[in-house]
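In what follows, a structure is listed as structure tokens, so that the remarks can point back to it.
The values are calculated or read from the model by the stated rules, or taken from the named source; none is laboratory data. Source: prediction; values computed, not measured. Here Cβ is always computed from backbone atoms with ideal geometry, including for glycine, and neighbour counts include all displayed protein chains. For accessibility, only protein heavy atoms count, side chains too; no ligands or nucleic acids. Shrake-Rupley method; radii C 1.70, N 1.55, O 1.52, S 1.80 Å.
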Amino acid sequence: QVRLVESGGGLVQPGGSLRLSCAASGFIFKDYVMGWYRQAPGKQRGLVAIISSNQVTTYSDSVKGRFTVSRDNTRNTAYLQMDSLKPEDTAVYYCKAILGPSMYWGQGTQVTVSP
């Protein structure tokens, strides 16, 4: 059974940091591209960052220089380190595993950036 479980969300003040984790099981994690996406209220879900199976990373312009995506294939886990958080980063954050036509989503974790 495929599972992606996000954790690490919460409430943080502007300028603060959070580290999200995405624990994977039920598929060959090391072969999959892992992505982080977010969806704010009333907005479409959009890409935040992606890390390929060989550690190549891509970021949306809105988070470049503030967020860092990584993965630990020995732990079947992907991470999103979020620094210098802004109120506009408030959203539900989802991880996604992609390999060709095969893709899986996690259930999401809420991140709220507020004074």
Scope the range 35-53; condition within 14 Å of residue 81 (Cα to Cα) and aliphatic (A, V, I, L, M); matching residues
48, 49, 50, 51
Residue that is surrounded by the most Cβ atoms within 10 Å (Cβ to Cβ), among those in the range 58-87 that are touching a residue at least 40 places away in the same chain (Cβ under 8 Å) and over 23 Å from residue 32 (Cβ atoms)
85
Looking across the range 88-108 at residues that are of a type outside the set (A, V, I, L, M), touching a Leu at 6+ places or on another chain (Cβ under 8 Å) and buried (at least 20 other Cβ atoms within 10 Å of the Cβ), the single one that is farthest from residue 34 (Cα to Cα) is 93
Does residue 47 fit the bill of being free of Cβ contacts under 8 Å to residues at least 24 places away in the same chain and in a strand (DSSP E or B)?
yes
Out of all the residues in the range 1-44, which are of a type in the set (D, E, K, R), under 20 Å from residue 111 (Cβ atoms) and not in a loop (DSSP other than H, G, I, E, B)?
6, 19, 38
Conditions first: (1) in contact with a strand residue (DSSP E or B) (Cβ under 9 Å, 6 or more places away or on another chain); (2) open to solvent by 20 Å² or more (accessible area, probe 1.4 Å). Residue 49 passes all but one, so which condition is the exception?
(2)
Residue list for the range 46-93, filter: among the charged types (D, E, K, R) and out of contact with any Lys or Arg (no Cβ under 7 Å at 6 or more places or on another chain)
61, 64, 66, 71, 72, 75, 86, 88, 89
